[in-house]
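The values are calculated or read from the model by the stated rules, or taken from the named source; none is laboratory data. Model, not experiment: these values are computed from the prediction. Cβ placement follows ideal geometry from the backbone for every residue including glycine, while neighbour counts extend to all protein chains displayed. Ligands, DNA and RNA are stripped out before the accessible areas are found, and what is left, the full protein with its side chains, is counted by its heavy atoms. Shrake-Rupley method; radii C 1.70, N 1.55, O 1.52, S 1.80 Å.
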Amino acid sequence: MKLFNNTCEFPYSWEQVTQGVWRKYPNEMSSHVKSVDVLHRELVENGTILKSSRLITCKQNIPKWLGMLIGNKDGTSYVLEISEVDLKQKKFVMKSCNLTGSNFLKVMECVKYEPINNNNNNNNNNNNNNATVFKQEAQITAYANFKSMCSKIEDWSVKRFHENALKGKQGFDNVLNILFNPTITSNSGLNANSNSSLSNTSIKSLL
Amino acid sequence: MGQSISSPVPVFAKECTELHKKYDQCFSTWYDKEFLKGESMENPCLDQWTDYMQCVNVALIKKGIRSIDTFDKEDLPDNIGEVLKQHAASQESTSEKNA
């Protein structure tokens, strides 16, 4: 089992970032995400919490040996993403897991978006509301008959996680710039306030 | 808000693209102008979503993927926090042993 923890910031308000999340695909850096469908949407707690389930279809090249092993030759896979936008707490939590190939490789991911100063959420004081913190936890587990094979699968997965991660951050930065900051050219968001090379699209990048 | 992103969001089945677009436009407007301001008690896009979802459900079944009705909370990685805590604890005890 491999684990990831990651944090980075986006220089936009929490409201803007949540708007961006719903408009994130397609972006030129995430060509492996083929489709995003809303399976379920529900408004609860007097309109303060929005629950959503989305089905994300991905397609990308995977090594032949891995394709043979997991019985997935064309690289198409499905990810279920379940999320809650909580207006009162100002929290946007997304949990994802892979639906295909999960007998061999299970990836679970939890992502949270919060305003940078969200400790006093009940006070309307003059906190800096123009930045949003992104936190990510992920767990990758391979199941195979031999421990050495598990390691091989996990190592490949980790490598792919890193390869695609920066692209995902860049893609989302670009989307936010297009939506809220059209004067900035598309590449300038690449390193904006990021202290990590991991992204919020890692699970989609991996499976 | 600045300019919009021009290309449409891709969907699972091509035949559902138009229905998805209608739903998505309804959702985006509602999300930005009502939900985020705390001014909404209900999701007004239910009709658009029902049309679009019926289309997607047919496509899912055609492709041999589970029907949407069968997705449930068991698919949620709810225990991830616990798993991470346990793993961190076991790592600490291992490193203590090694020290």
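Quick check, is A:K51 open to solvent by less than 20 Å² (accessible area, probe 1.4 Å), of a type in the set (K, R) and under 24 Å from A:A131 (Cα atoms)? Judged against the criteria, A:K51 is not a match.
Within the range A:44-57, being more than 7 Å from chain B (Cβ to nearest Cβ) and closer than 20 Å to B:C55 by Cα holds for A:S52, A:R54, A:I56.
Restricting the range A:8-33 to residues that are free of Cβ contacts under 8 Å to residues at least 60 places away in the same chain and within 24 Å of B:K37 (Cβ to Cβ), the residue that is most open to solvent (accessible area, probe 1.4 Å) is A:E15. Can you find a residue in the range A:71-94 that is within 7 Å of chain B (Cβ to nearest Cβ), open to solvent by 10 Å² or more (accessible area, probe 1.4 Å), more than 25 Å from A:N177 (Cα to Cα) and under 13 Å from the mean Cα position of the chain (by Cα)? Yes, because at least one residue in the range A:71-94 is within 7 Å of chain B (Cβ to nearest Cβ), open to solvent by 10 Å² or more (accessible area, probe 1.4 Å), more than 25 Å from A:N177 (Cα to Cα) and under 13 Å from the mean Cα position of the chain (by Cα).
Scanning the range B:1-38 for residues that are of a type in the set (F, W, Y) and modelled with pLDDT of 90 or more yields B:Y23, B:F27, B:W30, B:Y31, B:F35. Among the residues in the range A:117-125, are any at pLDDT 80 or above and farther than 18 Å from A:Y25 by Cβ? Within the range A:117-125, one or more residues are at pLDDT 80 or above and farther than 18 Å from A:Y25 by Cβ.
With respect to the conditions (1) in contact (Cβ under 8 Å) with a residue 60 or more places away in the chain; (2) open to solvent by 10 Å² or more (accessible area, probe 1.4 Å); (3) more than 30 Å from B:S40 (Cβ to Cβ), A:C58 lacks only one, and its number is (2). Looking only at the range A:8-33, residues that are over 15 Å from the mean Cα position of the chain (by Cα) and at pLDDT below 85 come to 1 in all.
Of all residues in the range A:13-43, those that are more than 7 Å from chain B (Cβ to nearest Cβ) and in a helix (DSSP H, G or I) total 6. Residues to consider are A:E84, A:E45; find the one that is in contact with an Asp or Glu (Cβ under 9 Å, 6 or more places away or on another chain) and of a type in the set (D, E). None of the others qualify; the one that does is A:E45.
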